[in-house]
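Report on the following structure.
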Amino acid sequence: MIYHYHPGFGVSESEKQDIANPAIKAIDAQRQAIKTRLNRLYKQQTKCKPGIKKDGTLRANSKHRRIAAEIAAAEAELARLKDERDQLPERVDVGTLSDYRSFQAIDNEGKNLFDVVTSSVWNARCQLIDWLEPVYAKDSDRVDLLYAILNCHGWIRSDGRWVVVRLEPLQQPARRAAQEQLCRKLTGLGARIPGGKWLRIEVGDAPL
């Protein structure tokens, strides 16, 4: 009654094959790095004064001029990257990219079937526990009793009309009485196997 099966999944190519343009992400990362560098240059520029010669002209190699040149170059690169980004589509088909594989759609049919079977097993377990309630009073022990019954050794005999399953009896009298009552309940359902034979479940000390 306990299952450890993990259903597999079939895959097929998805109709939707577009993604956010990775080139835009790369450009945005470059722009952010330049903006961070620019903020640092702006702060440096405010802390240094323009170098002035004795004749009042600006020094060509002063720190202030060097920082100003770096700022101008960074601002120009930032503007260029913005223009380049604006020309790119927001989303692209993965088929146009060399390092991307096509998206695969997952077929859940196998999992759905497994879920149906699992739910059926769970419902059957709950029903069997409910049938034990009138014949076994210990609520906390009823689930354990059910698994003890399901794990019993036994024998099977088949004839022209019946398939008979005989289980070894449980040792404790209260448990054995509940086991017998549950087997009678199951036999009373009138179950038939695919070949048309009737199914009978009973408790006994010896092979059939």
Worksheet item: What residues have an amide H closer than 5 Å to that of residue 203, excluding those fewer than 5 places away on the same chain, when H is modeled at 1.01 Å from N in the peptide plane?
Response: 167
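Cβ under 11 Å from residue 74's Cβ, residue 74 left aside: what net charge do those residues give with Lys, Arg +1 and Asp, Glu -1?
Net local charge, residue 74 excluded: +2.
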Worksheet, complete the sentence: Here the gain from full extension of residue 74 to residue 117, 0.36 nm per residue of separation minus their alpha-carbon distance, amounts to 9.1 nm
Item to complete: Within the range 143-177, list the trypsin sites (Lys or Arg not before Pro) lying in a DSSP loop whose Cβ has at most 10 other Cβ atoms in a 10 Å radius.
Response: 161
Discussion item. I'd like the FRET efficiency for residue 139 and residue 185, computed as 1/(1 + (r/R0)^6) with the beta carbon distance as r and R0 of 25 Å, rounded to 0.05.
Written reply: 0.85
Item to complete: Go through 178, 165, 189 and say which Cα lies farthest out towards the positive end of the charge dipole of the range 155-208; charges sit on Cβ, +1 for Lys and Arg, -1 for Asp and Glu.
Response: 189
Practice prompt. With a probe of 1.4 Å, find how much accessible area the range 124-182 has per residue, and write the answer as a whole number in Å².
Written response: 60
Item to complete: Can you tell me what the convex hull of the Cα atoms of the range 120-191 projects to on average, as an area in nm²?
Response: 5.3
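The values are calculated or read from the model by the stated rules, or taken from the named source; none is laboratory data. This one's a predicted model, so the numbers in the text were calculated from it and none came from an experiment. Every residue, glycine among them, receives a Cβ derived from its backbone with ideal geometry; neighbour counts consider all protein chains shown. We work out accessible area using only protein heavy atoms, side chains counted, and drop any ligands, DNA or RNA first. Shrake-Rupley method; radii C 1.70, N 1.55, O 1.52, S 1.80 Å.
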